[in-house]
Structures are given as structure tokens and as C-alpha cells.
Amino acid sequence: MLARGGQAHLRAGAGASSLGDIQSLQAGRRLIVFKHTEALTLVSISDREDGNHHEAWLRLQLEYVYAQVIFTLTDQVQAIFKRSPGFDLRSMMGPNVDGSIRNLLDRFDPIDLDENYGDTSDLGHGAGCGSLLTAGVECIHPIPPEIRDAASRMLVRACGGGKGQNRNSADDLYAILMVGTRLLTIVQPSNVASQLHTSDLNLILTFRDGPAVQAEQAVKESNLGEAPLLTALRVALSNEQQEEMMSSYLQLASAVHFVFRCDIYVGSGEPSGGIGADATGSMLTQCFGPPLSFPFTDASSKAHVWDTYARLSLRLRLGSASVETTMDALDAIDDTHAQDQYGIDSRGVSRECPMQCLLEAPPRVHSVTYVQEDNEWLFIGLNGKFFELYATLPATIAPKKGTAYCARLVRRLMNDERILFLSNPLTWTSQVNTTERT
């Protein structure tokens, strides 16, 4: 059992069939959500004291915990519990697995992020829950595109690649360069079916030993000279750079906070790669946004912002954030005839994680939705081709004008795509083709 003082308590145990079709229970302020798998049942309990948590958000947490257990222990745990329902899972986990699960849950809880890392604005952990809400990977930013591309080529050389050398599935599958829990670049197989989903990457990025702050601080204090890559990383991780950059984006939309998702497809290595390019391949969805700061300084206010964003995300995808609509959509993931109705493609995504699958699939219709609360805050969600944006603005701004401000921010972010995101994610094959052309 993982007991946390934040938004939920999590428990895993045997007896997945003992509750039948019960998916959740509400008792007063408490919301209890169950996730049934082959031989395991995971339970999340929220007291809702730090925000009105939506069932979908708690279900997403359980899916990631289950995926992390399978990622680290493999699916042998299912067979073990079938044979011995009273087996104590903790005997298999050990400190590393337990730590990786807690690291993962920390990303759902902005309050825990503050406690573990101190002032997150100093470290660039801007997206926080946003990487899971948007099903996107947070990259190190800003990085000049030529330096990021050079880092990709460096990975290939480190794995033994080079000019004229053909690579196939018998060679290295993945090469990832990251700092802390943020991605600098990745090289993947050219076979779409073998490429990583962002949910896979989020698990990998949180599977580390020690806080992410240690890795980022090591880069800042490194004395390895003034190599272009190291210099770019130092600038990107500096407090002054982050504050200046985020402030300019916030002012552009008259916003106090936002999180942005961009859908970048894994391309062929051509210079035209970027948002929407080579849209027949798999997506490497990425996210960007500042940390929650004043006036969202306590647990309740921060959790409420993320909870509202989660509801806006469901509205954009399903037309409604109701529990009934959400559960219908999750059920449809197991129904290949109904998947087209929701724009869901469950290929490569475990059927045990339908909420991840729903969030990874972009909304099919370009939409705008908003929530205006008590003449205090205006929450806006909008999406278009290859992007989603969730923003918090003062309620003194009319929804129509606020939407126009957000659209202006989107144009600026897409214009700055090459320095904010990994805009040309390579495969081993595309890297060889690029080397041969040069």
C-alpha cells in the first residue's frame, strides 16, 4: 500500500473479480476508484479536500501505477497472484520499484513536486501534471535546433552508427538523452509499431535513482568546459532564462498560467519536420508550460487548476466531462467498431490503460470550451490541428476576448516550435539518410 498525504491513497491487492463491475464509489466527500486487471485490483481514494478530483484523473493515476508495476516487474505478477492470492507484492518491489512508483505519483501532485524539489520554477519543472494531462513529454527548452539535432547525431555515434551503416531491429532500439525528467532528444526505430508512446516515455523518464534536481544541478555546476551542448543546457536551465521566457508567453495571453500540447510526428529526417509533418507516422507528443505560482500557492488552489484542465480536456474530446460520458468512451476502447466515434486508436496501447489511450488521441473536432468561476478566474481550453492549450486568465476578461488572446499565444508557441520542442525526432533510418545527404 502506498499512503500519501496528498490527493490519494493507492492500494494494490488480489481479487480483481470480487467487486464485479463496480468501477467507483462515492461516500460523502470521498471518491474511491477501482481498477480491475487480470489478477490485481488497484484502488485510489481521494478525500477531495484539495480539489474536486474527477474520476478520470484518479483512473489515470491507477493506470500509470499499474503500467509502472508491469514495466518494472513484468506481467509475471499476474501469474503469481493467480497461484497465490495472498502473496505480498512488497516482497518483489524493493526500494527501487517503490521509489519509481512514488516518483511517478509525484508528477500527478504539484504539492509533492514543491516539497521534493523546492521552488520548481528554479528547475524548469513547469509542466508538472501537464505532461500526464496532455499525454506529452516535457522537453528541455529553449535549445537551438541545430544543437538538439547535433545531440541526436551524437547518440547515433555513441551507439555505433555512422555514414552508410544500415540499421535494423537487430541493433539498438532506442537511444534517449535526458536531464532529470526532461527530454533533450531521442532516436527510435523506423517501424511505427516499435516506437514508444508518450506514456512509455513518461514511465522511463520517471524511472530514475534520486531526485531530478540532482541531475539538473550537476549540469549547472559542470566543469567540462564550454562545449556548445553543455552551454545551451546551462542557459536553458538558468532561473533568469526560464522566468524571462515564461513571462513573455504569459503576458501575450494576459494569462496567469497555461499548458500547451503539440503533436509532432516522428519524421524522416527532412528539414521540413515539425508539427504535423509526416503525419502518417507515430506521434511524439510534447508539452510546455510554466509552473503554477502566485496566486495558486496552496494545495487546494493548485489541485483545482489541474482538475479544471482535466475537465476541459474531456470536453474537447467527448463533448462532456460527465463520468457517464467518460466511462462510455473508455468502454469503447475495447470495441473496435466504436473507436472511430471517439477518434481512438488503441494500437500499441495496452487495453489495461484506456484512459491513457483516450488522452493520447487528439480531439477530432477543433473546439473551444471554457469555465468562468465566481468572477475570479476564466479557464479556457482550445484545440486545433496538432495542438491543445489550457489556460487560466482573470475573469475580468470576456471569454471571446480571452479565446483570442489564447489563439495569439498558440501562434507564438508554434512559431517558436523549433527551440521549445524536439521538432525533428529521428529514427535510425532517417539518421542514416540525413548523414548520406550531407
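Structure above, values below:
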| item | result |
| --- | --- |
| Exposure of Arg102 as accessible area (Å², to 10), given a probe of 1.4 Å and all protein chains | 80 |
| Estimated FRET transfer efficiency when R0 is 51 angstrom, pair Gln23-Ala407 (beta carbons, to 0.05) | 0.85 |
| Contour excess over end-to-end distance, with Cα ends at Ala227 and Asp172 and 0.36 nm allotted per residue | 17.2 nm |
| Theoretical FRET efficiency, 1/(1+(r/R0)^6), r = Cβ-Cβ of Thr396 and Thr429, R0 35 Å, to 0.05 | 0.10 |
| Residue-level accessible surface for Trp377, protein heavy atoms, 1.4 Å, Å² | 40 |
| Sequence ranges 243-251, 62-70, ranked by mean other-Cβ count within 10 angstrom, highest first | 62-70, 243-251 |
| Pair Arg157, Ser322: separation of 7 Å Cα→Cβ label points (nm) | 6.0 |
| Hz values of 3J(HN,Hα) by residue in segment 358-371 - Karplus curve (6.51, -1.76, 1.60), Gly and Pro given as x | 4, 6, 5, 6, x, x, 7, 10, 6, 9, 9, 9, 8, 10 |
| Glu373 versus Phe294: modelled label distance in nm, points set 7 Å from Cα along the beta carbon direction | 2.0 |
| Exposure rank, largest accessible area first [Glu388, Glu240; 1.4 Å] | Glu240, Glu388 |
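The values are calculated or read from the model by the stated rules, or taken from the named source; none is laboratory data. Since we're looking at a predicted model, the values are computed, not measured. Cβ coordinates were reconstructed from backbone atoms using ideal geometry, including for glycine residues, and neighbour counts include every protein chain displayed. Note: accessible area is taken over every heavy atom of the protein model, side chains too, but ligands, DNA and RNA are not part of it. Shrake-Rupley method; radii C 1.70, N 1.55, O 1.52, S 1.80 Å.
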